[in-house]
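Worksheet: the structure to be examined is printed underneath.
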Amino acid sequence: MSSLVNKDTKVIVQGFTGKEGTFHAEQCLAYGTKIVGGVTPNKGGQEHLGKPVFNTVLEAVETTGATVSMIFVPPAFVGDAVMEAAEAGIKLAVIITEGAPVKDMQAAKAHATKHGMMTIGPNCPGIITAEECKIGIMPGSIFKKGNVGLISKSGTLTYEGANQVCNEGFGITTAVGIGGDPIIGLSYLQILPMFEADPETEAIVMIGEIGGDLEIHAEKLIIEQFTKPVVAFIAGQTAPKGKTMGHAGAIVSGSAGTAKEKMEALEAAGVKVVVSPAEIGKAIAEVLGK
Amino acid sequence: MNIHEYQAKQIFAKYNIPTPKGIMVESVKAAVTAAEELGGPIWVVKAQIHAGGRGLGGGVKLAKSIDEVEELANEILGMTLVTHQTTAEGKLVQKLYIEDGADIKDELYLSVVLDRKSEMPLIMASTEGGMDIETVAENTPEKIITIPVDPAIGFQGFHGRQLAFGLGITDKIEQKNIIKFAEKLYRLYMENDAEMIEINPLVKTAKGVFLALDAKMGFDNSALGRQPEIAAMRDIAEEDADEVEAAKYGLSYVALDGEIGCMVNGAGLAMGTMDTINYMGGTPANFLDVGGSANAETVAKGFEIILKNPKVKAIFVNIFGGIVRCDRIANGILEATKLTDVNVPVIVRLDGTNAPEAAEILKNANIPNIIVGNDRGDGAAKAVAAAKGN
């Protein structure tokens, strides 16, 4: 799904010169991502990893023509960074930082929407179009090019899913880690239709988890608009009620948001639901008829 | 992070949100003094624990004399309270809240939570106060009104009117009272980075005044850094000691009831691993996410915490190395076995970055109780077999 990000996508990094920003920007550059510069206040005019550093996102956008920003700033500054990107004309912000206050993300996402900027994350591994463009922290080597789209709330399950798909002899078009926070950017509802429309994607792996009802909303969409096969796994079937399992969003409160509820809804929509993530690869082989 | 009822009511007082008068105590003697100070003639003796359903569990009782306050304080303080929101072991009551009895005409329900669908704070109210709101939602959903408030515009008059009319309040003074009450509650929610505030019951007195009889509050952990007063209200005694200990080392741990200890990187994979064990016929003993920066020390700590649980018969280490290199984890496991006495079978599945090197390291170390799983399914199967003694 090269419509969202591809080999020509120009990317800047907010929080470019920090430890995390530096390490992952370097990995992305090595993968082939067209990182054209970065933003760190008071370091404008310097060069970092051979790319220009700017004081503001606006300056970076005007100079480089970047359309995507990868955000690594510390949690307390994420809201600010996202809003700055939106006003500077960035089209997609990929927010990697974990631990941003929910109230800040609420305001930042509303502001991004107002300015026509899409967001992915926060607290996510990012997005990768295999063998073209990696914007995030996933290990690039496991994403071989192929015909399966992947969307997941969890980072490590994204890797697990992609690895299994590739081990079965298939590959990935684009993989998106949407993050597990209570408020996130692009989700199943926006990304599934992109995969449906993408000529290279022939099947989709969808990995969800307990909490919220994003997966339930996907049910209707899949019934009404989908022609491509979907394989799904929902993590947390064995999770106890009312406990936060690592991700702040994954709280089963009352009957809403349980794995069982989500699995049943997806199954009813014709999705091939697997009960263990170890079955994802085989299920893809099955739906693709090989 | 959750706080106690008495702390929530301290915050209410700052916002002029009416509550009955009350005093937190930690001894029977102090309970008597508090009751004398409040004056009576009716008092409520309330156990302070971080769980709902205290009344049904016998942790909230009415007293009609100072002697009765003393008697009840004696009974409740130090008891282990089991409610539908605690574990089966229950929670030890270490604090009491002695409160004035209220003159109750009507019991309502009022809360503010984050609505993930509209991505806005949501005011939720019901005429069915004093009942479990999940039960109301299931049996009579029409009796719950929901009002999302867009923070960009804040609490407006129309939100208040929706609330008052929705609750069937027709008296103009009462309408004004409930609207003011909700407006203050919304402001408190926003200004303190609350995750949820629940008042159940919210009572209407004969004079048409609304009082928060109970209060439950939870806060966004990610925002505690900028809410020092809230952060200072944390009561570690209410939290699971192992979870607190694990958190010190950057580990995210939740104890469960099963037999197979789990050590995994990433929350999603950790939950997925529990599901796989369950699918293979085993039972997970815990959720444990070692995070992205696992090293020998954290892995050793993880083993130590898992092994504290006497039910654990095997440990399944499931790592998908991305940025985390598997060889480093393998070395961490070897170090860990030197630092901690690991006396159960450990099934290790390492996949991803530098996995072959990691397998080599484990093989060469030749530790009898370390078994290498080929993939996640195989690893889980071996763990289940090991837990069953095969």
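Computed from the coordinates by the stated procedures, all read-outs in this text should not be read as laboratory data. Since this is a predicted model, take the numbers as computed values, not measurements. Here the Cβ is made from the backbone with ideal geometry for all residues, glycine too, and neighbour counts use every protein chain on show.
A few points about this structure:
- Counting charges near B:D242 (Lys, Arg +1; Asp, Glu -1) among other residues having Cβ under 12 Å from its Cβ returns a value of -2.
- DSSP bridge pairs, chain A: antiparallel proportion in percent, nearest 5: 25
- Cross-link partners of A:K51 among aspartates and glutamates (Cα-Cα below 13 Å; sequence separation of 8 or more within a chain): A:E26
- For the peptides B:113-123, B:324-334, the ranking by mean Cβ contacts within 10 Å, running from highest to lowest, is B:324-334, B:113-123.
- Label-point separation in nm, A:D213 to A:N55, each point 7 Å along Cα→Cβ: 4.9
- Annotation: the antiparallel percentage among DSSP beta bridges lying fully within the range A:1-77 is about 15.
- Gyration tensor verdict on the range B:326-386 (Cα atoms; rounded if a/c is under 1.5, prolate if a/b is larger than b/c, oblate otherwise): oblate
- Given charges at beta-carbon only (K, R positive; D, E negative), |dipole| of the range B:102-238 in Debye: 600
- Helix-only arithmetic for the protein assembly as shown: the sum of -39500 (n - 2.57) across DSSP H runs with n ≥ 4, divided by the residue total, places the mean residue ellipticity at 222 nm at -10500 deg cm²/dmol.
- Tensor-based shape of the range B:241-387 (alpha-carbon gyration tensor, a/c under 1.5 rounded, otherwise prolate or oblate): rounded
- Sparsely packed loop sites in the range B:227-278 (the GluC sites (Glu not before Pro) outside DSSP H, G, I, E and B with at most 10 other Cβ atoms within 10 Å) do not occur.
- When only alpha carbons are used to place a centre, the range B:7-69 and the range B:208-260 end up 22 Å from one another.
- At R0 = 22 Å, FRET efficiency that the Cβ-Cβ distance of B:Y15 and A:D80 yields, to 0.05: 0.20
- The charge dipole of the range A:91-164, taken about its Cα centre with unit charges on the Cβ atoms of Lys, Arg (+1), Asp and Glu (-1) only, comes to about 220 debye.
- Global geometry of the range B:67-109, whether rounded, prolate or oblate, following the gyration tensor of its Cα atoms and the 1.5 cut on a/c: oblate
- Among A:T113, A:T174, A:T238: highest mean-square fluctuation, GNM of chain A, C-alpha pairs under 10 Å: A:T238
- Backbone amide hydrogens, once placed in the peptide plane, bring B:A314 within less than 5 Å of B:G261, excluding anything fewer than 5 places away on its chain.
- Helix A:155-167 vs. chain A, principal-axis angle (Cα, 0 to 90°, nearest 10): 70
- Sorting B:T80, A:T33 from the fewest to the most surrounding beta carbons within 10 angstrom yields B:T80, A:T33.
- Summed side-chain charge close to A:G32 - residues other than A:G32 whose Cβ falls under 15 Å, Lys, Arg +1, Asp, Glu -1: +3
- Pairs of Lys in the range A:88-177 closer than 14 Å at Cα, counting only those 8 or more apart or on different chains: 4
- Per-residue mean of C-beta atoms belonging to partner chains within 10 Å, peptide B:256-268: 5
- Residue order for B:E183, A:E26, fewest other beta carbons within 10 angstrom first, comes to A:E26, B:E183.
- Inter-site label distance for A:A268 and B:K338 at 7 Å from Cα along Cβ, in nm: 5.7
- Net length gained if the chain between A:V275 and A:T113 were fully extended (0.36 nm per residue, minus Cα distance): 54.8 nm
- Top positive-direction residue, dipole computed over chain A with Cβ charges, set A:T17, A:G161, A:N123: A:T17
- FRET E, pair B:S118, A:S3, Förster distance 30 Å, beta-carbon r, rounded to 0.05: 0.60
- Point-to-point label distance, B:K105-B:N309, nm (Cα→Cβ direction, 7 Å offset): 5.2
- Along the axis of the charge dipole computed for the range B:20-101 (Cβ charges of +1 for Lys and Arg, -1 for Asp and Glu, origin at the Cα centre), the listed residues B:A47, B:T87, B:Y97 are led at the positive end by B:T87.
- Using alpha-carbon coordinates, inclination of helix B:5-14 to the longest axis of chain B, degrees: 50
- Selected from A:G50, A:G65, A:G171 as most flexible by GNM, with chain A as the system and alpha-carbon contacts under 10 Å: A:G50
- Of B:K9/B:K207; A:K282/B:K311; B:K95/B:K172; B:K46/B:K301; A:K282/B:K117, pairs whose Cα-Cα distance is over 30 Å: A:K282/B:K311; B:K95/B:K172; B:K46/B:K301; A:K282/B:K117
- Look at B:V28, A:V68, A:V274 and count the other Cβ atoms within 10 Å of each Cβ; fewest to most, that gives B:V28, A:V274, A:V68.
- Degrees between helix B:296-308 axis and first principal axis of chain B (Cα, 0 to 90, nearest 10): 70
- For the protein assembly as shown, size of Cβ-based charge dipole, Lys and Arg +1, Asp and Glu -1, in debye: 680
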